[in-house]
Amino acid sequence: MITFNVSEVLGGEALLVEFEIEGGVTTPKEAFSVELPPVPYGKGVILSGRGPIWLYGRLLHHFHPAKWVAVFDPRLGAVVVQSHTREVKEGDVIEIGEGE
């Protein structure tokens, strides 16, 4: 089972979409049948969680219409991988403060 936790970060400018795979293992059948959180048009999305690259592919495709999408790396911060705005560019690293 895959569960999602969605919270506002960066003063409401983005949503942090955290996911967890129960037992650490999923199948494509399960991952492609789970309902994903709605796309926040006009806001950025930061994806965070341990999962297979193909699951990240699904999430990136789903959230593509958002203002921008980043993937959280605990060593760096949130690395922007796609953007529809000049304010945030691919390759930008966004810091997420404690408690956000």
Simple SL model, points at 7 angstrom along Cα→Cβ for Leu76 and Trp54; separation in nm is 2.5 nm
Select one label from [x] 37, 27, 21; [y] 53, 29, 17; [z] 50, 32, 19: the one whose number is Cα extents along the principal axes in Å as derived from the coordinates shown.
[x]
Estimated 222 nm signal from helices in the chain, with DSSP H stretches of n ≥ 4 weighted -39500 (n - 2.57), rounded to 500
-4000 deg cm²/dmol
Straight-distance crosslink candidates among lysines, where the alpha carbon sits under 24 Å from Lys43 and sequence neighbours closer than 8 are dropped
Lys67, Lys89
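Quick check on packing: order 53-60, 65-72, 24-31 by the mean number of other C-beta atoms within 10 Å, highest mean leading.
Details: 53-60: 14.6, 65-72: 20.8, 24-31: 11.9.
Packing proxy ranking, top to bottom: 65-72, 53-60, 24-31.
Take the alpha carbon gyration tensor of the range 27-84, find the square roots of its eigenvalues, order them as a ≥ b ≥ c, and report rounded if a/c is under 1.5; if not, report prolate when a/b exceeds b/c, else oblate. Don't jump to the answer; show the numbers that get you there.
Numbers: a/c = 2.30, a/b = 1.23, b/c = 1.87.
Cα axes put the range 27-84 in the oblate bin.
FYI, it's all coordinate maths here, none of it is from the lab. Here the structure is a predicted model, which means the values were calculated and not measured. Here the Cβ is made from the backbone with ideal geometry for all residues, glycine too, and neighbour counts use every protein chain on show.
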